[in-house]
Amino acid sequence: MKINIRKISDITGFSPATVSNALNHKRGVNAETAAKIIQVAKEMGYTEESRISRVKFVMFKKYGNVVEDTPFFPLMIAGVEEECRNCGMEMTIVNLDRRQADFDELFAGICNDRTSAIILLGTELEDEDIDLIRALPFPYVVIDYWKEDMTFDSVLINNADSARMATEYLLSKGHRKIGYIAGNFRIKPFRSRFAGFKTALEKAGIGVDENLIVKVTPSMDQAYLDMKDYLEKTSREQLPTAFFADNDIIALGVMKAIWEHGLRIPDDISMVAFDDLTFSSICNPPLTTLRVPKQDMGRVAVRRIRDMIRDGEGLHLKTQVCTDFVERQSVREL
């Protein structure tokens, strides 16, 4: 029988957080309580090798463009850190970059640390990287990525339904010629958002116009330059009345290019995006977007790790976090 913190908690009557703190010799547990917990753990065969005392938040980078140029992920990390404290666990952050020469060595070090569970930020993961995930020999949860075979636990945004809802909003405002601003690194979240966009248009009997898809680099500065290039080559008559953008970072760069080209938002072109970053509410005009509960995603991942440590891994869960639609002033009703 696998011995875990939940079983020790059930026998001693102390909370899982207290048990975890005692087994890891942390402050806040009195000596008598700690001694009782440690004694029961020894009698049950809870060994050093089975102890997980911390969570490593591993930021996987393959291209870097998506992960490095946004304030989205620090907010998620804050949620992970807060929930780790609530669960009596430590948190450390590790950057795992495919582009670095020491990638294999660093990953081997992560695999060999049996005292840490892993929350892996999988935004830039691709299906060919799946063996990287399956090599992890201890509890782990992947954020912002999933695989159809679902051989691991993941927490992700409900991307397709959220993008469909945003596109339906544009349709409800009278827009029929709707374009898509696509990050040219087609990570799985972006592909899911496009699927939702496409579904909404097809349900409306319109379909996707390939000529209205603008591919840009997913950073604010480069998206601005890519959009400038597109506008210089495109007549005003060819432009859509509205765009849906893969995320706020892209949208803000695109909006700057549109303004500099002599077009007005939303009078000439409307804009809807995804994430609701802090500065999306203070740009001109304030951006209509989908709000992602960033900190809550981190908290949910830690709670799943906690349950896996207590109860064993068991079933694999795919947890989808819903967004909130935030209506501001970047969309015109036709």
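The values are calculated or read from the model by the stated rules, or taken from the named source; none is laboratory data. For clarity, every value in this text was computed on a predicted model and none was experimentally measured. All Cβ positions, glycine included, derive from the backbone under ideal geometry; neighbour counts span all protein chains shown.
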Considering each of 129, 153, 149 in turn, give the residue that is acidic (Asp, Glu) and free of Cβ contacts under 8 Å to residues at least 60 places away in the same chain. 149
Residue list for the range 178-208, restricted to those being surrounded by 19 or more Cβ atoms within 10 Å (Cβ to Cβ), at pLDDT 95 or above and of a type in the set (Lys, Arg): 193
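Condition check ((1) modelled with pLDDT of 95 or more; (2) surrounded by fewer than 20 Cβ atoms within 10 Å (Cβ to Cβ); (3) assigned to a helix (DSSP H, G or I)) across all residues:
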{"site": "243", "(1), (2), (3)": "yes, no, no"}
{"site": "262", "(1), (2), (3)": "yes, yes, no"}
{"site": "271", "(1), (2), (3)": "yes, no, no"}
{"site": "284", "(1), (2), (3)": "no, yes, no"}
{"site": "289", "(1), (2), (3)": "yes, no, no"}
{"site": "310", "(1), (2), (3)": "no, yes, yes"}
{"site": "316", "(1), (2), (3)": "no, yes, no"}
{"site": "331", "(1), (2), (3)": "yes, no, no"}
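Condition first: under 28 Å from the mean Cα position of the chain (by Cα) and without any contact (Cβ under 8 Å) to a residue 12 or more places away in the chain. Can you find one or more residues in the range 212-221 that meet it? Show your work before the answer.
Step one: list which residues in the range 212-221 are under 28 Å from the mean Cα position of the chain (by Cα), which gives 212-221.
With without any contact (Cβ under 8 Å) to a residue 12 or more places away in the chain added as a condition, the list becomes none.
No, the range 212-221 contains no residue that is under 28 Å from the mean Cα position of the chain (by Cα) and without any contact (Cβ under 8 Å) to a residue 12 or more places away in the chain.
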Looking only at residues in the range 127-153 that are of a type in the set (Asp, Glu) and farther than 23 Å from residue 75 by Cα, which one is surrounded by the most Cβ atoms within 10 Å (Cβ to Cβ)? 129
Can you name the number of the only condition in (1) over 18 Å from residue 73 (Cβ atoms); (2) in the same structural domain as residue 216 (by TED's automatic domain parsing); (3) touching a helix residue (DSSP H, G or I) at 6+ places or on another chain (Cβ under 9 Å); (4) part of a helix (DSSP H, G or I) that residue 303 fails? (2)
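A quick yes/no check of all residues on (1) assigned to a helix (DSSP H, G or I); (2) of a type in the set (Gly, Ala, Ser); (3) assigned by TED's automatic domain parsing to the domain that holds residue 251; (4) at positive phi:
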| position | (1), (2), (3), (4) |
| --- | --- |
| 171 | yes, no, yes, no |
| 186 | no, no, yes, no |
| 193 | yes, no, yes, no |
| 197 | yes, no, yes, no |
| 207 | no, yes, yes, yes |
| 215 | no, no, yes, no |
